[in-house]
1. Can you list the lysines whose alpha carbon sits under 16 Å from that of Lys190, skipping same-chain ones fewer than 8 residues off?
2. Using θ = phi - 60° and the Karplus form 6.51 cos²θ - 1.76 cosθ + 1.60, what ³J(HN,Hα) does each residue of the range 129-140 get, whole Hz, x for Gly and Pro?
3. Which of rounded, prolate or oblate describes the range 104-212 when judged by the alpha-carbon gyration tensor and an a/c cut-off of 1.5?
4. Can you show me the helix-derived [θ] at 222 nm for the chain, built from DSSP H runs with n ≥ 4 at -39,500 (n - 2.57) apiece and divided by the number of residues, rounded to the nearest 500.
5. Could I have the simple spin-label model distance between Asp130 and Lys101, label points 7 Å from Cα toward Cβ, reported in nm to one decimal?
6. Take the Cα atoms of the chain, find their three principal axes, and give me the spread along each one in whole Å, biggest first.
7. Tell me, Kirkwood radius of the range 20-82 from alpha-carbon pair distances, in Å?
8. Within the chain, what's the longest run with no GluC sites (Glu not before Pro) in a DSSP loop and at most 16 other beta-carbon atoms within 10 Å? Give the range, please.
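What follows draws every value from the coordinates through simple rules; no lab data is involved. Note that this is a predicted model, so its numbers are computed, not measured. We place every Cβ from the backbone using ideal geometry, glycine too, and count neighbours over all the protein chains shown.
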Amino acid sequence: MMTGIKNIIWDLDGTLVDSYPVMARLLQNVLNTHGIETSYEDVYEAIKVSMGHAIQLFAGPDLLVMSQVRAQFIEREGVEPGASYQLFSDTIETLKHLVEKGINNFVLTHRNTSTYKIMKATGMEAYILDTITIDDGFRRKPDPEAFLYLMNKHDLSQKTTLNVGDRLFDIQAGRGAGLLGCLIKDAYNKSYLDEADYIVSSRRGVLDLIEM
């Protein structure tokens, strides 16, 4: 259990939003246009590591094809309606409860500005104080640069701020900024559970963790 937490920095994809099904569908469709056949399940599992890993795994080693796949995926994701993405069943309940208790929620994601249409469509934006996306120009996780910027901007203390994500680089990036990390476990991240300071099985579990 933790005490004194006043701020939580959340990852987005796979943490607050159940977005991997949409991302896997879009990437699989792009790969198919290049004659690359692979199963939805394999694409989904690869994306759980990272999108870069998935593109390299299925479109590599041809750098031109990899670049084309990435660009086409970004284009398709950019026009995908925000309403296509579903929150986890306990996302709003958890964020709302935290706000009611005076705890600030932040989002730090590798997703581009499509983040905002998803947050608006799902009603999540009402509970988020500030958001950092890849379009803000910071180096990608596991580099802690974006965490350090957010912490400096809002004067967030390491002692009162918790980092929550679902992938290894989420935990590594927060640790680089001096933050304790909480991993939301699933069927795909069992191999690095020991990298996290805390492990929960749901967003609601974060409420139990911080002794509210």
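1. Candidates past the 8-residue exclusion: Lys48.
2. Using θ = phi - 60°, the values come out as 6, 7, 9, 10, 10, 5, 6, 6, x, 7, 5, 6 Hz.
3. Here the range 104-212 falls in the rounded category.
4. The per-residue figure over the chain is -13000 deg cm²/dmol.
5. 2.3 nm
6. Computed over the chain, the largest-to-smallest principal extents equal 53, 33, 31 Å.
7. 11.4 Å
8. With GluC sites (Glu not before Pro) excluded where exposed in loops, the chain gives 38-210 as its longest stretch.
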